[in-house]
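Written below as structure tokens is the structure these notes are about.
The values are calculated or read from the model by the stated rules, or taken from the named source; none is laboratory data. For clarity, every value in this text was computed on a predicted model and none was experimentally measured. Positions of Cβ are backbone-derived with ideal geometry, glycine not excepted, and every protein chain shown enters the neighbour counts. Areas reflect the complete protein model, heavy atoms only, side chains present, ligands, DNA and RNA absent. Shrake-Rupley method; radii C 1.70, N 1.55, O 1.52, S 1.80 Å.
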Amino acid sequence: MGLNFKYVLVLISLMCVWCGRLSLASTDSSDEEGLVRFSLRKRNLDRQSVSDARILKASSDDDAGDLGSDNVVYLKNYLDSQYFGEIGIGSPPQYFNVVFDTGSSNLWVPSSKCIFSIACYFHSKYKSKISSTYTEIGTSCKIPYGRGSIYGFFSQDDVKVGHIIIKDQVFAEITKEGSLAFLALHYDGILGLGFIDISVGEVTPVWYNMIDQGYIRQNVFSLWLNKNPMAEIGGEIVFGGIDTRHFRGEHTYVPISQKGYWQIDVGDVLLANRSTGLCEGSCSAIVDSGTSLIAGPTSVVTQINHAIGAQGYVSFECKSIIHNYGEKIWDLLISGLNPEILCANIGLCSHDKYQKKDYVIKTVVDDENLDGSSTESPFCTFCDMIVFWIQVQLKQSSVKEKILKYVDELCEKLPSPEGQVFIDCNSIAAMPHITFTIGNRSFPLSPQQYVLRVEEGSSSVCYGGFVGLDVPLPQGPLWVLGDIFLGKYHTVFDFGNQRIGFAEAA
């Protein structure tokens, strides 16, 4: 996940709870020149396998078809929510499991020189001494993450992705993984597929070198994630083309809106057929294959939590405001006072709050937590949300008591600071569809698609797939569309035309 202007999604601690079993297939050459398929394999999840699972290798079976590969690496991946693939670095190749991450641009793996970080001893490490194509660079680097930074230095070597070998690729050897949370990550590193604009050290990304060295027939790559828990093949990334077997209909293409990220504009987000209000004009969204969940503004995610019966976080500050100021906020809104200054008018926010400030988004490995601290008190933040919620409800109802009661309930459904939001598995069928508007078309998610289910003995535990992420203006409001969304929609990252396309996955 990139830097500078990078968002940060759920707490890494949430990711650490999601350790299931995922099996990978190494790459197979395509029959078409300039097109590289990269297959990923997935296994079903159960709590016992989380405790007892170990890395295994096995031959691929006949079900792989022309996506078959020589061997499979089975990994733990709680809730079937992460997808890894195998690459090689050096000559002879040293193999690593990496996340193919459209939210960052660097390639990094642990270094054999990583001796003081416990996490490094639980992952494969690159050994430059045994590679005949290694070139020393040695420039130090630091990559910040929501739960700590990782440190290392740049090196150069050949990198094998699928059947192609990228010559003289610069990558980061990591010598210090600062947070113990990295112990729980079941992959070794990250291969960033974002733009060079956000590359640490202005290093040329792997994807750029694939193009420059003549390996890519079309300047696109496409991603298919298989959400069928019974299937052996868990997904596929195709470099240089599109696999027509994995989508239905035509792709809806939208242009990149913010250079540096695979970022697009999205319209309204609907609960069933009702607007959630915030994105009626427009919001931004980063399409991120390195993130498991969907992250979005707390004011909208709270409405989703309420609609799906999630066990959210209860804020007594929020409830205090609605009980003590609810009637006054209502009266001021009805009187026509500008909602943007209402909370300052009643003394819960300072007027300085409304001056625009620059904002920097930090990076995270997987599912992250935004470090968007503010000098304003929590009362100010909750007041703004309450004003927004009342505004949304006023478009649907004019009954004050009903609206204030609903807003009071929302104060009990805030996204948990720990990231985990439990849901009653027996209520999934009754939950509403949640729809994103992209390119003037609707992209719905059913509850079966946005709820993560983990088997626990003879019963199941279910988690909501939405987490809070608050990015202020002018960069926000911002959504991050992770694997939950990408599992539903086959995605084309069209580098040549600076656009992204979505079609229903098959």
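Taken over segment 238-258, the residue count meeting the criterion of being part of a loop (DSSP other than H, G, I, E, B) and either touching a residue at least 60 places away in the same chain (Cβ under 8 Å) or on the phi > 0 side of the Ramachandran plot (or both) is 6. Condition test on L193, is it closer than 25 Å to Q448 by Cα and at pLDDT below 95? For L193, the condition - closer than 25 Å to Q448 by Cα and at pLDDT below 95 - is not met.
Candidates in segment 378-428 are the residues that are touching a Gly at 6+ places or on another chain (Cβ under 8 Å), of a type in the set (V, I, T) and more than 10 Å from I322 (Cβ to Cβ); of these, the one that is surrounded by the fewest Cβ atoms within 10 Å (Cβ to Cβ) is V392. Among the conditions (1) open to solvent by less than 10 Å² (accessible area, probe 1.4 Å); (2) over 18 Å from V421 (Cα atoms); (3) of a type in the set (A, V, I, L, M), the only one that I484 does not satisfy is (2). Test Y261 against the stated conditions and say whether it is over 28 Å from Q391 (Cα atoms), part of a loop (DSSP other than H, G, I, E, B), open to solvent by less than 20 Å² (accessible area, probe 1.4 Å) and of a type in the set (F, W, Y). For Y261, the condition - over 28 Å from Q391 (Cα atoms), part of a loop (DSSP other than H, G, I, E, B), open to solvent by less than 20 Å² (accessible area, probe 1.4 Å) and of a type in the set (F, W, Y) - is met.
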